Amino acid sequence: MPVLRVLIAEDDASIADLLKHHLQREGLDVCIAGDGNVTLRMARNWADLLILDIGLPAIDGFEVARTLRREKRELPIVMLTARADEVDRIVGLELGADDYVTKPFSPREVIARVKTLARRIGKAYQDHPAILKFGRLEIDEVAREVRVDGATIRLKPREFSLLLELASNAGMAMSRQMLLEKIWGFDFLGDERTVDVHVRRIRLKLEEQRKLPGILLTVHGFGYKFACR
Ligand code: CA
């Protein structure tokens, strides 16, 4: 089955690399273009789907999208935007973008958009079994199990959810507040130390007891991130 080829047009290397990492984990063929000229060339000759940042050197994302549509190229486009007024333009000008994501986004959001669009164009996209693998560590989303070297580790439900959330966004710093809202919900009455307590327990069970150091990294004054490797 041919693999979906995704072009990431983004001059911010940290964002481009993060997206690339996550899309590759999904089994997709991924390239990065750092300016508008390269983007146009690769969109015409190589890509099945384009993730297009608006703020690009040489030719901006608006113009890239407009040019591709003028040429009647039908590859789906997901625009990345940093500002609300750009959203108005994407929606208002009917550039031919199929969807958009506003920064800061989680890689998961982008992957969800890519999956939807890939299905629409009928491109082979094997929904991989929802098991995240990081060396000796496996996180099985369906069975809600964590395994190290094949042995199941007992995590409490919230610990599992927290680990899964961080691992699904590996490499991305997530604030305590964001984690609280995602795992415990908006109406949770506890404070941000709840997150710290759970992180400590996960570290104890994985990093200390199973000798898997440096999985959950502290981002000082902010929150945590899952080590991207
Ligand atoms: Ca940019």
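The values are calculated or read from the model by the stated rules, or taken from the named source; none is laboratory data. All figures in this text were calculated on a predicted structure; none of them were measured in a lab. Glycine gets a Cβ as well: all are built from the backbone with ideal geometry, and neighbour counts include every protein chain shown.
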Scan segment 202-229 and report the pairs whose first residue is without any contact (Cβ under 8 Å) to a residue 40 or more places away in the chain and whose second residue is assigned to a loop (DSSP other than H, G, I, E, B), with Cβ atoms within less than 7 Å and a gap of 6+ or a chain change. 207/213; 207/215; 214/227; 217/227
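Restricting attention to segment 177-198, which residues are among the aromatic types (Phe, Trp, Tyr) and without any contact (Cβ under 8 Å) to a residue 24 or more places away in the chain? Spell out the reasoning first.
Pass one, segment 177-198, residues among the aromatic types (Phe, Trp, Tyr): 184, 186, 188.
Those that are among the aromatic types (Phe, Trp, Tyr) and without any contact (Cβ under 8 Å) to a residue 24 or more places away in the chain: 186, 188.
Filter segment 89-115 down to residues that are closer than 24 Å to residue 173 by Cβ and away from the ligand (no atom under 16 Å from the Cβ) and give me whichever is surrounded by the most Cβ atoms within 10 Å (Cβ to Cβ).
Start the filter on segment 89-115 by keeping residues that are closer than 24 Å to residue 173 by Cβ, which leaves 100-114.
After this cut, where a residue has to be away from the ligand (no atom under 16 Å from the Cβ) as well, the list is 106-109, 111-114.
Working: 106: 18, 107: 21, 108: 13, 109: 13, 111: 17, 112: 13, 113: 19, 114: 23.
Taking the candidates together, the pick is 114.
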Go through segment 74-129 and give me each residue that's over 21 Å from residue 30 (Cβ atoms) and at pLDDT 80 or above. 82, 83, 102
Quick one: what pairs do we get from segment 52-79, first residue in contact (Cβ under 8 Å) with a residue 40 or more places away in the chain and farther than 19 Å from residue 101 by Cβ, second outside any loop (DSSP other than H, G, I, E, B) and within 11 Å of the ligand (Cβ to nearest atom), C-beta under 8 Å, 6+ apart or different chains? 57/36
Reported set for segment 152-176 where residues are free of Cβ contacts under 8 Å to residues at least 40 places away in the same chain and loosely packed, with under 14 Cβ neighbours inside 10 Å is 152, 157
